[in-house]
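**Student:** Below you will find the structure I want to go over with you.
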Amino acid sequence: MKLKLTDGKYTLGAYLAPLELEELDELLQRVLMKLKVQRGTFLPLPDYGSRLYQLSRTKPSNRETAARQYVLEALADETELELSALELLQKADGEATLLLTFTYKSEYTVTVETEI
């Protein structure tokens, strides 16, 4: 079991003990961290993270394809996780929301939403 993080800090529960995560919550936390961290910025693991931050440099017509590539690249070591659907919602201010649906262990459906 992993400990719950909020904004990079351990989340504390009763008696100031760190909260632990169950299997699916641990998976969601791990996926979100890998998607949010810019690839190459964590020196001990240079392949950790994603290149989603580069989407703004891509032509709008190619962004969804690039997003799929970047997500698959970031989560390549999550062998029990399969990307089922990806939707990129562009906002007028240049920001975007990424909606992802995964199948985990061929049994669970997991949905992730993240701002990029």
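**Student:** Regarding the range 71-81, can at least one residue be identified that is at pLDDT 95 or above and polar (S, T, N, Q)?
**Tutor:** For the range 71-81, residues at pLDDT 95 or above and polar (S, T, N, Q): absent.
**Student:** Quick one: count up the residues across the range 27-84 that are over 13 Å from Glu115 (Cα atoms), hydrophobic (A, V, I, L, M, F, W, C) and assigned to a loop (DSSP other than H, G, I, E, B).
**Tutor:** 5
**Student:** Pick from Ala96, Ala92, Ala67: which is modelled with pLDDT of 95 or more and out of contact with any Gly (no Cβ under 6 Å at 6 or more places or on another chain)?
**Tutor:** Numbers: Ala96 fails: modelled with pLDDT of 95 or more; Ala92 fails: modelled with pLDDT of 95 or more.
One residue alone meets the criteria, Ala67.
**Student:** Looking only at the range 100-116, how many residues end up being surrounded by 13 or more Cβ atoms within 10 Å (Cβ to Cβ) and among the polar types (S, T, N, Q)?
**Tutor:** Summing the residues that are surrounded by 13 or more Cβ atoms within 10 Å (Cβ to Cβ) and among the polar types (S, T, N, Q) in the range 100-116 gives 3.
**Student:** Out of the residues in the range 2-51 that are within 27 Å of Tyr108 (Cα to Cα), among the hydroxyl-bearing types (Ser, Thr, Tyr) and at pLDDT 80 or above, state the one that is surrounded by the fewest Cβ atoms within 10 Å (Cβ to Cβ).
**Tutor:** That would be Tyr48.
**Student:** Return the total of residues in the range 85-116 being more than 12 Å from the chain's Cα centre (by Cα) and under 15 Å from Leu28 (Cβ atoms).
**Tutor:** Count: 5.
**Student:** Name every residue in the range 99-116 that is hydrophobic (A, V, I, L, M, F, W, C) and modelled with pLDDT of 95 or more, in order of residue number.
**Tutor:** Within the range 99-116, the subset hydrophobic (A, V, I, L, M, F, W, C) is 99-100, 102, 110, 112, 116.
Selection gives Leu99, Leu100, Phe102.
The values are calculated or read from the model by the stated rules, or taken from the named source; none is laboratory data. Because the structure is a prediction, the values reported are computed rather than measured. We place every Cβ from the backbone using ideal geometry, glycine too, and count neighbours over all the protein chains shown.
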